[in-house]
Amino acid sequence: MPYAFIQDVPADEAIYRQIRELLPPDAPAGLITHLAVKREGGLRYIDVWKSESDWERFREDQLEPAVGKVLGELGIPHTHDDVVVEELDVVDLWRGER
């Protein structure tokens, strides 16, 4: 089954856009879906990946460097203290249009 999670972060849309601009325009290998939504206090990401190793590879190789660069330029420490991750047990994945 795929690897899925919800991640709540204290970032706003402007920070998200800056990070996203540093990432490749094409979806990374193994990404099935990524949804970024507003919530009180920041954003919530809902991700589904083909495997946890696909997610880990993307996070280490591309995402963390981009987040570190943007936060550093804004003078915000790059810690995970305010990040909450909840893994999800996928029962079914029904894909629509691509």
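Quick note: the coordinates plus some simple rules give every number you see, no bench work behind them. Please read all numbers here as calculations on a predicted model, not as lab measurements. Here the Cβ is made from the backbone with ideal geometry for all residues, glycine too, and neighbour counts use every protein chain on show.
Note on region 21-53: residues that are in contact (Cβ under 8 Å) with a residue 24 or more places away in the chain, farther than 17 Å from Val85 by Cα and of a type outside the set (A, V, I, L, M, F, W, C) amount to 4. None of Val48, Val67 is within 20 Å of Ala27 (Cα to Cα), touching a helix residue (DSSP H, G or I) at 6+ places or on another chain (Cβ under 6 Å) and not polar (S, T, N, Q) except Val67.
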